[in-house]
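Worksheet: one structure, shown below.
The values are calculated or read from the model by the stated rules, or taken from the named source; none is laboratory data. Predicted model only: the values in this text are computed from it and were never measured. Cβ atoms come from the backbone with ideal geometry, glycine included; neighbour counts cover every protein chain shown. When the accessible area is computed, the model is the full protein with side chains, heavy atoms only, and any ligands, DNA or RNA have been set aside. Shrake-Rupley method; radii C 1.70, N 1.55, O 1.52, S 1.80 Å.
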Amino acid sequence: QVQLVESGGGLVQAGGSLRLSCAASGRMRSINAMGWYRQAPGKARELVARINSGGETIYADSMKGRFTISRDNAWNTVYLQMNGVKPEDTAVYYCNAEILVRTYWGQGTQVTVSS
């Protein structure tokens, strides 16, 4: 079993920064990748950023240059540094982990960007 707990969300003004953290515990062997997704009210969940076991990263186009995903070597924590946030970044942000054929999700953390 794998547990993912997000933290670091909150209210921030447009143009500001936030750093989200995802603490992972449990059976983290054979991990393929971890990522951040987000879901705004009335919209589908979408990819924000993903980092795989080789350290390769991908970002959604609207986040490139503003957000950075990183992790510690033991996959205990994955971070999302959010700079230059915009009101349209307001959403619940979820951490996920892809381990073998299963995908695990955290409960999410709310990010609200005021204009």
What percentage of the solvent-accessible surface of the chain, computed with a 1.4 Å probe over protein heavy atoms, is contributed by carbon and sulfur atoms? 46 percent
Determine ³J(HN,Hα), in whole Hz, for all residues of the range 80-93 in sequence, where each value follows from phi through the Karplus function 6.51 cos²θ - 1.76 cosθ + 1.60 and θ = phi - 60°; x replaces Gly and Pro. 10, 8, 10, 10, x, 5, 10, x, 6, 7, 5, 4, 8, 9
At q = 0.18, 0.33 Å⁻¹, the log10 of I(q)/I(0) for the range 45-90 from a Debye sum over equal Cα scatterers comes to -0.56, -1.33
Assigned charges on the beta-carbon of Lys, Arg, Asp, Glu; the chain dipole about Cα centre (debye): 140 debye
For Gly108, which sequence-distant residues (separation of 5 or more, or a different chain) have an amide H within less than 5 Å of its own amide H, given hydrogens modelled in the peptide plane? Glu6, Cys95
What is the range 2-59 by shape, rounded, prolate or oblate, if you read a ≥ b ≥ c off the alpha carbon gyration tensor as root eigenvalues and call it rounded for a/c under 1.5, prolate for a/b larger than b/c, and oblate otherwise? prolate
Tell me which GluC sites (Glu not before Pro) from the range 6-115 have a DSSP coil assignment and no more than 11 other beta carbons within 10 Å of their own. Glu56
Check which residues have an amide H placed less than 5 Å from Val85's amide H, if you skip close sequence neighbours. Gly15, Gly16
Distant alpha-carbon pairs in the range 1-114 (separation over 20 angstrom), percent: 34 percent
What does the accessible area per residue of the chain come to in Å², with a 1.4 Å probe and no ligands, DNA or RNA counted? 53 Å²
If you average the sequence gap of Cα pairs under 8 Å that are 6 or more apart and divide by the length of the chain, what percent do you get for the contact order? 37 percent
What are the ³J(HN,Hα) values, in whole Hz, obtained from phi via the Karplus relation 6.51 cos²θ - 1.76 cosθ + 1.60 with θ = phi - 60°, for each residue of the range 20-35 in sequence order, with x given for Gly and Pro? 8, 10, 10, 8, 10, 8, x, 7, 9, 5, 6, 6, 8, 6, 10, x
